[in-house]
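Take a look at the structure set out below.
Bear in mind that the values in this text are calculations on the coordinates, not laboratory data. Keep in mind it's a predicted model, so treat the numbers as computed, not measured. We place every Cβ from the backbone using ideal geometry, glycine too, and count neighbours over all the protein chains shown.
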Amino acid sequence: VKNTDYYRPIYHHTPSYGWMNDPNGMFYKDGVYHLCYQYNPYGSKWGNMHWGHATTTDLIHWKASAPALDRDPMGHIYSGSAVIDRQGTAGLGKDAIIALYTSASDENGQIQCLAYSTDGGYKFTKYEHNPVLRPFDGLKDFRDPKVFWFAPKNLWYMIVSADKEMRFYSSPDLKKWTYVSSFGQGYGAQPNQFECPDFFRLPVDGDSQHQKYVMIVNINPGCLFGGSATEYFVGEFDGKNFVCDDGPKEAKFLDYGKDHYATVTFSGTGDRVLGLAWMSNWQYANVTPIKQYRGANTLPRELFLFAKDGETFMGANVATEVRALRKSTRYVGTLKATEKAPKEEKNCLAGTGDAFELEMDITPSEAATAGFELYNSKGERVKIYFDTKAGKLVMDRTESGLTAFGEKAESHQIEKDFDLVEEKAGKAPSRKTNPVNYKNDFALGTWAPLNLCKGKSYHVDVFVDKCSVEIFVDGGRIAMTNLVFPTLPYESVKFYTQKGTATFKNVTLHRLGL
Ligand code: FRU
């Protein structure tokens with residue numbers, strides 16, 4: 001299909017036409033990464049859910065395949081996962097690829113179904129005795145099964161989102177499922193609804209003797225800035241209960257932008273935990289200024305745990321494979337900026353067509369703020385800066401280009417209800433505390449806490465691809481993903497401060513392409 005969309009990313013995965021949301025059923029086998037995704041082949045808004053399908057051998061060049069699962073008379077094919085059944089426990093052959101997904105319809109509700117592939121994950125057959133799991137309590141929101149092998153018990157486990165909690169089930173054969181336990185009521189950001197779980201183990205600070213379990217909980221609403229976000233909980237799991245290290249009130253986010261949702265990881269990658277998220281937010285996902293297709297995934301990210309001030313956090317760094325995108329590099333060197341004398345690199349991005357990576361080490365020193373602006377000749381700009389007084393990294397997209405569509409955005413009803421509750425209690429609704437804009441769900445700033453980082457100098461690695469900005473600080477201790485819609489490419493960079501001098505070291509530009 002010939003691309004007709006100005007904003008289609010150059011080096012991120014997108015469907016050639018139609019709508020995409022969550023990544024689904026991701027696995028790695030025989031050198032090939034498989035990515036399925038929530039897909040509407042009939043239009044560029046949500047509906048008619050299928051599992052679209054694409055593959056890659058290097059995590060950057062994606063090849064489109066026919067949809068892996070088509071919507072059927074039982075319902076939509078909602079999100080889910082896939083595993084390689086190496087021992088053939090399901091009786092469908094050794095090395096069969098087994099997908100678990102949610103079938104969703106008004107008549108049948110949300111029920112978990114199985115499909116299998118014996119050709120390495122291209123053609124799937126739906127199991128004749130579906131569903132394999134229904135909610136025991138008639139719950140309406142019961143979906144997005146993530147399946148994993150739990151060696152200590154020699155069993156498969158499934159974690160399913162169940163409104164405001166996650167439920168664990170176990171099975172010897174991926175077909176008969178037994179309820180194990182639940183986690184999550186009252187935990188993390190409030191108000192919330194749980195969706196798209198993931199569950200895995202990672203070493204803390206790379207120490208294989210010290211491993212922890214991580215539960216990914218994608219929440220909508222619950223994002224600090226409204227709408228959808230990826231939250232996670234770190235703790236212990238004995239095959240029975242997940243016990244979180246932190247108290248219920250603590251909320252930890254994998255990404256501090258507004259366009260990072262439904263993060264899930266590939267199965268079959270050994271010790272490596274590789275995640276992908278959908279770059280949008282349910283508040284405005286259906287109204288972004290795109291026509292032919294709608295929806296892109298983040299760059300593949302390597303997830304890791306690190307300890308800080310007695311707690312364990314999860315970071316997300318761009319996968320090393322992504323370096324192969326660098327087509328040409330310009331080393332700018334060291335720049336010093338003061339409030340009176342910002343430094344401008346005029347037109348340094350010209351010719352990249354908004355497909356570039358910008359790296360630098362920023363030392364804000366005593367400056368109150370230190371950062372940079374990507375801008376074009378129309379005055380559209382993205383500001384990325386360290387607010388040292390508030391201890392925040394901020395990205396401000398209020399003037400980034402097209403933003404008006406954000407006024408049409410539909411905030412989640414749960415969020416509106418919560419605003420009302422707070423207003424009645426005489427409090428400012430928490431979403432209004434976002435400094436920039438409450439009326440427009442798109443035109444705002446997002447921020448991340450700097451105490452996730454180690455020192456007073458920050459390595460900043462920014463990827464821009466037509467309509468997305470992904471920021472990684474200190475190797476992913478902070479990740480921040482936001483969409484932007486400039487009407488001309490950003491051509492120039494301005495390095496600036498407020499109240500003091502800051503150093504921008506090793507400023508490096510890479511033009512990126514496939
Ligand atoms: C998350 C989600 C899932 C659901 C899917 C439907 O974005 O709401 O919970 O399975 O999208 O497309």
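A compact table of results
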quantity: Output for the range 289-311, where each listed residue is touching a Leu at 6+ places or on another chain (Cβ under 7 Å) and in a loop (DSSP other than H, G, I, E, B); calculated: PRO289, THR298, PRO300
quantity: Residue ranges of strands (runs of 3 or more DSSP E) in the range 179-258 with at least 1 members surrounded by fewer than 22 Cβ atoms within 10 Å (Cβ to Cβ) and among the basic types (Lys, Arg); calculated: 194-204, 207-219
quantity: Single match in ASP106, ASP141 (criterion: charged (D, E, K, R), within 16 Å of the ligand (Cβ to nearest atom) and farther than 26 Å from GLY275 by Cβ); calculated: ASP106
quantity: Residue within the range 340-353 that is without any contact (Cβ under 8 Å) to a residue 24 or more places away in the chain and over 30 Å from GLY247 (Cβ atoms) present; calculated: yes
quantity: Residue among ALA82, ALA68, ALA96 that alone is in contact (Cβ under 8 Å) with a residue 12 or more places away in the chain, within 16 Å of the ligand (Cβ to nearest atom), buried (at least 20 other Cβ atoms within 10 Å of the Cβ) and over 21 Å from the mean Cα position of the chain (by Cα); calculated: ALA68
quantity: So ILE111, is it out of contact with any helix residue (DSSP H, G or I) (no Cβ under 6 Å at 6 or more places or on another chain), assigned to a strand (DSSP E or B) and within 16 Å of the ligand (Cβ to nearest atom); calculated: yes
quantity: Evaluation of ALA54 against (1) more than 16 Å from the ligand (Cβ to nearest atom); (2) without any contact (Cβ under 8 Å) to a residue 60 or more places away in the chain; (3) surrounded by fewer than 19 Cβ atoms within 10 Å (Cβ to Cβ) (one fails), failing number; calculated: (3)
quantity: For TYR213: the one exception among (1) more than 16 Å from the ligand (Cβ to nearest atom); (2) in contact with a strand residue (DSSP E or B) (Cβ under 7 Å, 6 or more places away or on another chain); (3) of a type outside the set (D, E, K, R); (4) on the phi > 0 side of the Ramachandran plot; calculated: (4)
quantity: Hey, TYR33 on the phi < 0 side of the Ramachandran plot, more than 16 Å from the ligand (Cβ to nearest atom) and touching a Gly at 6+ places or on another chain (Cβ under 7 Å) or not; calculated: no
quantity: Selection count, the range 448-467, where residues are closer than 25 Å to THR14 by Cα and buried (at least 23 other Cβ atoms within 10 Å of the Cβ); calculated: 4
quantity: SER377 being within 16 Å of the ligand (Cβ to nearest atom) and in a loop (DSSP other than H, G, I, E, B); calculated: no
quantity: Any hit, the range 151-160, residues being free of Cβ contacts under 8 Å to residues at least 40 places away in the same chain, surrounded by fewer than 20 Cβ atoms within 10 Å (Cβ to Cβ) and touching a Lys or Arg at 6+ places or on another chain (Cβ under 7 Å); calculated: no
quantity: Which numbered condition LEU155 misses (of (1) within 16 Å of the ligand (Cβ to nearest atom); (2) closer than 20 Å to ILE84 by Cα; (3) among the aliphatic types (A, V, I, L, M)); calculated: (1)
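Residue by residue, here is whether (1) crowded, with 20+ Cβ neighbours inside 10 Å; (2) in contact with a Lys or Arg (Cβ under 8 Å, 6 or more places away or on another chain) holds:
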| position | (1), (2) |
| --- | --- |
| VAL287 | no, yes |
| ASN297 | yes, no |
| PRO342 | no, yes |
| THR352 | yes, yes |
| GLY371 | yes, yes |
| LYS389 | no, no |
